[in-house]
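> Please see the structure below; I have some questions.
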2 protein chains.
Amino acid sequence: MEKWRRSERMVLMTKILLENPQQMFTLGYFADFFQAAKSSISEDLAIIKDTLQKTGQGQLETVAGAAGGVRFLPYHSPEKEMSFLESLAEKLSSPERILPGGFLYMTDIIYDPTIISKIGAIFAHRFQGKDPDYIVTVQTKGIPLALMVANAFNVPLVIIRDDSKVTEGSAVSISYVSGSSKKISTMSLARRALKQESKVILIDDFMKAGGTAKGMMDLMKEFRAEVLGLGVLVYTKEPERKLVNNYLGLLELISIDENKREVKIKAKNFFI
Amino acid sequence: MEKWRRSERMVLMTKILLENPQQMFTLGYFADFFQAAKSSISEDLAIIKDTLQKTGQGQLETVAGAAGGVRFLPYHSPEKEMSFLESLAEKLSSPERILPGGFLYMTDIIYDPTIISKIGAIFAHRFQGKDPDYIVTVQTKGIPLALMVANAFNVPLVIIRDDSKVTEGSAVSISYVSGSSKKISTMSLARRALKQESKVILIDDFMKAGGTAKGMMDLMKEFRAEVLGLGVLVYTKEPERKLVNNYLGLLELISIDENKREVKIKAKNFFI
């Protein structure tokens with residue numbers, strides 16, 4: 001039987017826990033894996049827990065009882081999260097990002113794995129305690145971000161198509177009115193893509209009037225899904241009344257002035 | 001000055017290295033971070049390297065010289081990769097996956113973060129030595145997979161739109177002929193989304209005749225990009241002549257028989 005030194009166990013346990021966020025591992029699992037006493041494993045885990053806590057780099061949660069164990073929650077400290085969101089707001093407020101029509105260029109940021117994996121963990125933190133079966137988004141730009149949220153929750157992603165080009169058997173389509181442009185559009189989801197009565201969290205990169213979000217909500221009703229939350233990376237201050245009531249936005253876009261070449265955007269703090 | 005125990009350093013170094021694949025860290029970086037002697041850090045890294053190697057769970061590469069250091073490469077052993085791809089082929093060969101028209105339902109698999117993060121690492125392994133600036137894909141289904149490849153390479157993702165709904169300033173559009181359906185379609189990419197003369201790797205989930213891949217190649221020419229490689233998760237055996245010459249496919253779809261309800265698909269081994 002191979003014996004592992006503590007330092008070796010540290011490397012592997014850290015790797016296993018980090019690569020499987022939210023997943024519960026029993027003491028027995030690690031004791032078997034390393035052929036070590038549960039008391040040693042318990043000490044190992046205490047070191048991992050303290051080290052992560054000391055550096056604000058995620059939490060190791062210990063759950064007591066028969067179904068208990070430990071699991072890694074990829075949450076940074078609220079201070080780290082805020083300073084990250086503030087740096088993001090600063091990046092996004094560069095006047096070079098203003099596009100014709102008063103849009104904001106965000107593509108480079110929302111397609112960057114390093115950045116969106118951090119945003120994914122922030123959403124998981126702010127939706128802490130929710131236990132979704134799926135993360136749901138609508139194509140195209142929100143997909144990378146939604147995938148990283150799914151990764152932080154360790155659940156699959158579901159992508160709603162913004163047309164009816166669904167080639168996956170029978171599908172449910174709904175029409176929705178884009179809140180800002182008042183245009184009628186279609187979104188579709190294959191029946192087999194989402195089990196009936198699932199619990200879901202909806203994620204999108206941007207929200208103005210909330211028409212798309214409302215469409216997603218309506219489509220979820222068709223699948224009898226329970227919407228545990230709606231998260232958007234950036235939402236506009238105006239219009240203040242959105243077509244959806246409850247949402248969690250990380251950055252508020254206050255204004256884009258095409259003439260003055262000025263973008264005002266600020267990070268929202270939820271842990272105060 | 002805070003002192004760290006070896007076991008604590010193990011936890012943090014493993015975390016830092018794993019979360020920043022491909023990125024080089026000098027001994028000095030860790031020595032400063034932990035206020036420890038370079039000789040101790042060097043021993044720490046040797047333990048991490050050996051432990052990862054012993055379990056086939058990724059490599060710690062040591063680069064000598066002034067610009068040297070260590071970096072984590074998220075590559076599993078060829079045996080682990082093959083057995084993973086074989087299990088994937090088995091999952092995909094379930095007759096329930098046959099869709100009307102002889103298509104294969106893969107959405108649940110290609111939207112699952114746990115599965116595609118492994119596939120992303122496999123692509124990074126098989127394209128080892130290439131040094132892309134971007135991973136490029138075309139919407140919609142290939143996006144999650146391409147993002148995980150980008151994550152394994154630690155570079156940004158670029159998403160080509162399959163229409164001309166680009167709202168990011170001036171864009172380049174091309175027409176391409178879908179190889180199997182002979183339909184003419186459009187794909188577009190905003191000028192600012194990809195710097196001229198970048199090095200790119202193209203990723204897609206599925207390839208039949210290669211029309212979409214050919215379109216991506218043509219669009220890359222417009223950006224004077226150098227295509228270092230083209231990776232597809234699943235490619236069909238027929239037609240044997242694709243519209244693109246060089247591609248790296250992980251799974252070969254040999255046949256789908258709608259009447260017999262039979263799917264034949266096999267994993268390809270590149271390390272033999």
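Every number here is computed from the coordinates shown, using simple stated rules; none is lab data. These figures come from a predicted structure and were not determined experimentally. Positions of Cβ are backbone-derived with ideal geometry, glycine not excepted, and every protein chain shown enters the neighbour counts.
> What size of dipole, in debye to the nearest 20, comes out for the protein assembly as shown about its Cα centre when the only charges are +1 on Lys and Arg C-beta atoms and -1 on Asp and Glu C-beta atoms?
I would put it at about 400 debye.
> Just rank B:264, A:15, fewest to most, by other beta-carbon atoms within 10 angstrom.
Fewest-to-most Cβ neighbours within 10 Å comes out as B:264, A:15.
> Let me ask you something else. May I ask you to report, in nm to one decimal and beginning with the shortest, the distances from residue B:33 to the same position in the other copies, taking label points 7 Å along Cα-to-Cβ?
2.1
> Let me ask another. From the square roots a ≥ b ≥ c of the eigenvalues of the alpha-carbon gyration tensor of segment A:6-74, which class results: rounded (a/c under 1.5), prolate (a/b over b/c), or oblate?
Since a/c reaches 1.5 but b/c is at least a/b, the shape of segment A:6-74 is classed as oblate.
> For A:188, B:170, which order do you get if you count the other beta carbons within 10 Å of each Cβ and list the fewest first?
Starting with the residue having the fewest Cβ neighbours, the order is B:170, A:188.
> Same structure again: Just to confirm the numbers: residue A:182, label point 7 angstrom along the Cα-Cβ line, distances to the other copies in nm, shortest first?
Copy-to-copy label distances for residue A:182: 4.4 nm.
> Let me ask another. Distances from residue A:240 to the same position in the other copies: list them in nm, one decimal, shortest first, using label points 7 Å from Cα along Cα→Cβ.
7.0
> Right, another one. Along the positive direction of the dipole of segment B:1-129 (beta-carbon charges: Lys, Arg +1; Asp, Glu -1; about the Cα centre), which of B:92, B:105, B:7 reaches farthest?
It is B:7, whose Cα lies furthest towards the positive end.
> Contact order normalised by length for segment A:6-74, with contacts defined as Cα pairs under 8 Å and 6 or more residues apart; what percent is it?
After rounding, I find 39 percent.
> Moving on. Please give the FRET efficiency for residue A:3 paired with residue B:226, using the beta carbon to beta carbon distance and R0 = 35 Å, rounded to the nearest 0.05.
0.10
> Run lengths n ≥ 4 of DSSP H only: what is the helix-derived mean residue ellipticity at 222 nm for chain A, with -39500 (n - 2.57) per run over all residues, to the nearest 500?
-11000 deg cm²/dmol
> Follow-up question, since we're still on this one. Among residues other than residue A:6 whose Cβ falls under 13 Å from its Cβ, what is the net charge (Lys/Arg +1, Asp/Glu -1)?
Overall, the nearby charge balance is +1.
> Taking Rh as the Kirkwood radius computed over C-alpha pairs, what is the Stokes-Einstein D of chain A at 37 °C in a medium of viscosity 0.692 mPa s, expressed in µm² per second?
161 µm²/s
> Report, for the protein assembly as shown, the % of DSSP beta bridges that are antiparallel, rounded to 5.
Antiparallel bridges: around 55 percent, rounded to the nearest 5.
> Test of understanding: ordering A:163, A:44, B:108, A:133 by Cβ neighbours within 10 Å, fewest first, what list do you get?
Ordered by Cβ neighbours within 10 Å, fewest first: A:163, B:108, A:133, A:44.
> Same structure, new question: When a/c reaches 1.5 or more, the comparison of a/b and b/c decides; with that in mind, is segment A:36-170 rounded, prolate or oblate per its Cα gyration tensor?
oblate
> A follow-up question, please. Which FRET efficiency, nearest 0.05, do residue B:35 and residue A:87 yield, Cβ-Cβ r, R0 35 Å?
Efficiency, rounded to the nearest 0.05: 0.85.
> So what is the relative contact order for chain B, in percent, with contacts set as C-alpha pairs under 8 Å and at least six apart?
15 percent
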